[in-house]
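Here the structure comes first, spelled out in structure tokens, and everything after it is commentary.
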Amino acid sequence: MRPIRGWRWLSCLPEMLLPDDPVPRLMAWEPAAWAVADDWRGVTDPFWASATGQKLGAWVQQRLAAGAVVYPPQPLRALALTPLAQVRVVILGQDPYHGPGQAEGLAFSVPAGQKIPPSLRNIFKELQRDVGLPPPSSGSLARWAEQGVLLLNTCLTVEEGAAASHANQGWELLTDALVQAVATQAAQPVVFMLWGAHAQSKRGLIDASTGSVLHRVLCANHPSPLSATRGPVPFIGCGHFGLAAQFLSEIGAPAPSW
């Protein structure tokens, strides 16, 4: 009997039975190829040319060469979807989700079809309590980003299964400069939502950068289930979404359609 050649019958299998495409991830360190709105380039371009930016790039390249799985595939997506001139609200996160397929370059957001993480579930819970919106079926916040909500993590890459694995490698210098750019260059007041101690540690950047424009800074606990209902300022019940809409209305700016 002639042996069966696996490659002959494998090629005839229906496409649905063939291996799935790999999970989207960062494949190479190519900041020049990452889309950002033009008015952010005054911040990003000097960073890439700086010693810190060069060191960060070399380090991430080493991790990729060592086989590390790094997320998200587009680290600067928040800057592509939300131009500096259009920022009305800033929500600061810490670092991207580290599970396969979760991170999409926007703080707290996951792609459509992904299970909604606990912190994001609490965000939707507070939205419903605060302004009466039913929880959406999708965890993607891209629609917020397209309406002027800057969803910025302070560290923009992470390795699979290892939270904060890319912290303190240089990203924070860039994201601090981005926060300062919003506080300094905004043509009108902006709402900053600072949830948790990490985000609130950036308040000094906002206060120090504010000129004649008086921004609104809202602080509460992180929406994580570990802190969302605890003091000193529980996230559940903070009312930040309604307060942001009220503030923007008072200055004549359209509020996001949450």
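The values are calculated or read from the model by the stated rules, or taken from the named source; none is laboratory data. As the structure is a computational prediction, the values presented were derived from the model and not from experiment. Cβ coordinates were reconstructed from backbone atoms using ideal geometry, including for glycine residues, and neighbour counts include every protein chain displayed. For the accessible areas, the whole protein counts, side chains as well, though only heavy atoms, and no ligand, DNA or RNA atoms are used. Shrake-Rupley method; radii C 1.70, N 1.55, O 1.52, S 1.80 Å.
Within the same chain, lysines fewer than 8 places from residue 55 are excluded, and of the rest, those with a Cα less than 27 Å from its Cα are 202.
Taking a quarter of the surface of the Cα convex hull of the range 122-202 gives a mean projected area of 7.1 nm². Taking all Cα pairs closer than 8 Å and separated by 6 or more residues, the relative contact order of the range 83-130 comes to 21 percent. Residues 144, 29 ordered from highest to lowest accessible area at a 1.4 Å probe: 29, 144.
Taking Lys and Arg as +1 and Asp and Glu as -1, the other residues whose beta-carbon sits under 15 Å from that of residue 166 total -1. With contacts taken as Cα pairs under 8 Å and at least 6 residues apart, the range 206-245 reaches a relative contact order of 27 percent.
Once you have a ≥ b ≥ c as the square roots of the Cα gyration tensor eigenvalues for the range 55-110, tell me rounded if a/c is under 1.5, and otherwise prolate or oblate according to whether a/b is larger than b/c. Display every interim value, and only then the final one.
Numbers: a/c = 2.74, a/b = 1.72, b/c = 1.59.
Verdict is prolate for the range 55-110.
In this rough spin-label picture, where each label sits 7 Å from Cα along the Cβ direction, the residue 51-residue 143 distance is 4.7 nm.
Please work out whether the chain counts as rounded, prolate or oblate from its C-alpha gyration tensor, where a ≥ b ≥ c are the square roots of the eigenvalues and a/c under 1.5 means rounded, while otherwise a/b larger than b/c means prolate and anything else oblate? Intermediate results must be reported in sequence, preceding the final value.
Values: a/c = 2.17, a/b = 1.52, b/c = 1.43.
Prolate, since a/c reaches 1.5 and a/b exceeds b/c.
Once both labels are positioned 7 Å from their Cα atoms along Cα-to-Cβ, the gap between residue 233 and residue 33 label points is 4.2 nm.
The label-point distance for residue 115 and residue 23, in a model that sets each label 7 Å from Cα toward Cβ, rounds to 1.2 nm.
Could you give the size of the charge dipole of the chain about its Cα centre, using +1 on the Cβ of each K and R and -1 on the Cβ of each D and E, expressed in debye and rounded to the nearest 20?
Details: 18 positive and 18 negative charges, 120 e Å.
It comes to approximately 580 debye.
Using helices alone, I'd like the mean residue ellipticity at 222 nm for the chain: each DSSP H run of four-plus residues gives -39500 (n - 2.57), total over residue count, nearest 500. One gets -9500 deg cm²/dmol as the mean residue ellipticity at 222 nm.
Put simply, the amide H of residue 133, placed in the peptide plane, has neighbours under 5 Å in 128, leaving out anything fewer than 5 places away on its chain. Between the Cα long axis of helix 118-131 and the first principal axis of the chain there is an angle of about 40°, rounded to the nearest 10.
Pop out the carbon and sulfur fraction of the accessible area of the chain as a percent, whole number, probe 1.4 Å.
Working: 7040 of 12810 Å².
Carbon with sulfur: 55 percent of the solvent-accessible area.
For residue 115, a cut-off of 27 angstrom between C-alpha atoms picks up these lysines, skipping any fewer than 8 places away in its own chain: 125. Summing +1 for each Lys or Arg and -1 for each Asp or Glu among the other residues whose beta-carbon sits under 15 angstrom from that of residue 195 gives +3.
By the gyration tensor of its Cα atoms, with a ≥ b ≥ c the square roots of the eigenvalues, what is the shape of the range 140-258: rounded for a/c under 1.5, prolate for a/b over b/c, or oblate? Oblate is the answer for the range 140-258, as a/c is 1.5 or above yet b/c matches or exceeds a/b.
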